[in-house]
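Below: one structure, written as structure tokens.
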Amino acid sequence: MPTPPLPQESDYIFDWNAAEKTRPVARGPFYFFDETLRDGIQSPSVRDPKIEDKIRLIHLLDALGVHHVDIGLPGAGPRAVEDCLVLAREIVNARLRIKPACAARTHPSDINPIIDVSQRAGVAIEVMTFIGSSPIRLYAEEWTLDLMLERSAAAVDLAVKAGLPCTYVTEDTTRAHPTALDKLFRNAIAHGAYRLCLCDTVGHATPDGVINLVRWTRDLVRATGADVQLDWHGHNDRGLAVANSIYALEAGANRVHGTVLGVGERVGNAAIDQILLNLKLLGEIDNDLTKLLELCETGARAMGWDIAKNYPLAGSDAFRTATGVHAAAVIKAMKKGDAWLADRIYSGVPAGLFGKKQEIEIGFMSGKANVQFWLQQHGFVPEPALVDHVFDLAKRSDHILGDAEVRAAVDEFARAPGGRAAAAAGEAAPASGAEVSAPHK
């Protein structure tokens, strides 16, 4: 008999995300810009990674299809200059596709070191020259708009004269007045900036604010007739950074910024790993993201950062359940011999697509199916009396039972009259946790 066709995803899942798309996610080609090694390490809770870790991160970003990376702020001092030079040379020597950029204030003392590193490394380094733009910042700094225009023009001129691509970055754009932005942006464009970067520096923006600002700026650029693209740089103070980045693409931004695990000042930046993950699941990119988990783990180790247990994809609890109803559904799917189904029945992110696995454990909210599955996975015969014994322990506990606790309960049962045969089957069982592998079809 002919083999029946594999079921389509639409056979199992009605996707309201795609039921009617009121806006395309992007209006044309878009790009990713990683800020981990500059804006990210401004977090007060991370350490500056060792140079070998920075090199590894750049290789991983390149493998994941990230287009641009900020390799640092050379104006910060000799160590920053040396690290930027090593990283720029690595990009050249390893023939990576990713392109380097460096941050700079609108001041020659920050831009000249970038020019020097670029010349020594033999690669064009994008100059991301930034200045505050909101009324509150101008008031605190006692700046005038004329002074800002003068400094901005000089900075862009310096980068362009050196033959380097220059992005003009307005800090706190999401709280800046359009009258000031109009003058600042037209000034930067007139002096040769090839990109404008809109910054939600303090995480102020909502999706409506993102759309309004990006569309307004897009219309301004169109009116100038210049071939200038738009960046979006978001922070996460309201917990909206990833969503705002996707809205920015929908509204017309060409490039979005992020950091590994969303590290950065205060509560951090948009997480580039989550941006990539979501755009992959939305079908907007076809990047190979099998190294996304490695990027998160490498970044965490390099920066001395603890990944939250409930962090998407990389957190230890991301695909872990001890809830009876949830675990039972996963187990039933596995009994059908359908790993694809098991990976989606209680998960909006398919673990197998990103190199992880569904995990079923035993706790105070578990059902007997959890216990039966755990025992089978570890080589024990799940006879009713043993299941009841472990299940009773779980119901009396206030936490998820670790492997050692479950094994101790099995040993206890084995020592009781009539219990030895059931436990004997697991004597040579592996010590790993109960896992369900669910590769993508």
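Could we say that D227 is among the charged types (D, E, K, R), under 21 Å from E126 (Cα atoms) and either crowded, with 21+ Cβ neighbours inside 10 Å or within 28 Å of the chain's Cα centre (by Cα) (or both) here? It is false that D227 is among the charged types (D, E, K, R), under 21 Å from E126 (Cα atoms) and either crowded, with 21+ Cβ neighbours inside 10 Å or within 28 Å of the chain's Cα centre (by Cα) (or both). Can you pull out every residue in region 40-83 that is farther than 25 Å from T290 by Cα and assigned to a loop (DSSP other than H, G, I, E, B)? If the condition is that a residue be farther than 25 Å from T290 by Cα and assigned to a loop (DSSP other than H, G, I, E, B), then S43, P44, S45, V46, R47, D48, G72, L73, G77 are the ones that fit. Scanning region 1-39 for residues that are among the aliphatic types (A, V, I, L, M), at pLDDT below 75, part of a loop (DSSP other than H, G, I, E, B) and more than 17 Å from V210 (Cβ to Cβ) turns up M1, L6, A19. Of the residues making up region 373-390, those that are open to solvent by 60 Å² or more (accessible area, probe 1.4 Å) and either in contact (Cβ under 8 Å) with a residue 40 or more places away in the chain or outside any helix (DSSP H, G or I) (or both) number 2. The residues listed here are I111, I91; of these, the one that is under 23 Å from F185 (Cα atoms) and in a helix (DSSP H, G or I) is I111.
For (1) within 27 Å of D286 (Cα to Cα); (2) open to solvent by 20 Å² or more (accessible area, probe 1.4 Å); (3) not charged (D, E, K, R), each residue gets a yes or a no:
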| residue | (1), (2), (3) |
| --- | --- |
| P49 | no, no, yes |
| L64 | yes, no, yes |
| R79 | no, yes, no |
| E90 | yes, yes, no |
| A94 | yes, yes, yes |
| I98 | yes, no, yes |
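Among residues of region 358-390 being modelled with pLDDT of 85 or more and of a type in the set (D, E, K, R), the one that is nearest to A328 (Cα to Cα) is K368. Selection within region 391-422: residues that are open to solvent by 10 Å² or more (accessible area, probe 1.4 Å) and at pLDDT below 85. The member of this set that is nearest to F364 (Cα to Cα) is A416. Considering (1) closer than 29 Å to A414 by Cα; (2) in a loop (DSSP other than H, G, I, E, B), the lone condition that A328 does not fulfil carries the number (2). Just one of the listed residues (L181, L198, L220) is at pLDDT 95 or above, part of a strand (DSSP E or B) and open to solvent by less than 20 Å² (accessible area, probe 1.4 Å), and it is L198.
The values are calculated or read from the model by the stated rules, or taken from the named source; none is laboratory data. Since the structure is predicted, the reported quantities are computational estimates derived from the model, not experimental observations. Please note: Cβ atoms are built from the backbone with ideal geometry, for glycine as well, and neighbour counts cover all protein chains shown. Quick note on the areas: whole protein, heavy atoms, side chains included, nothing else; ligands and nucleic acids left out. Shrake-Rupley method; radii C 1.70, N 1.55, O 1.52, S 1.80 Å.
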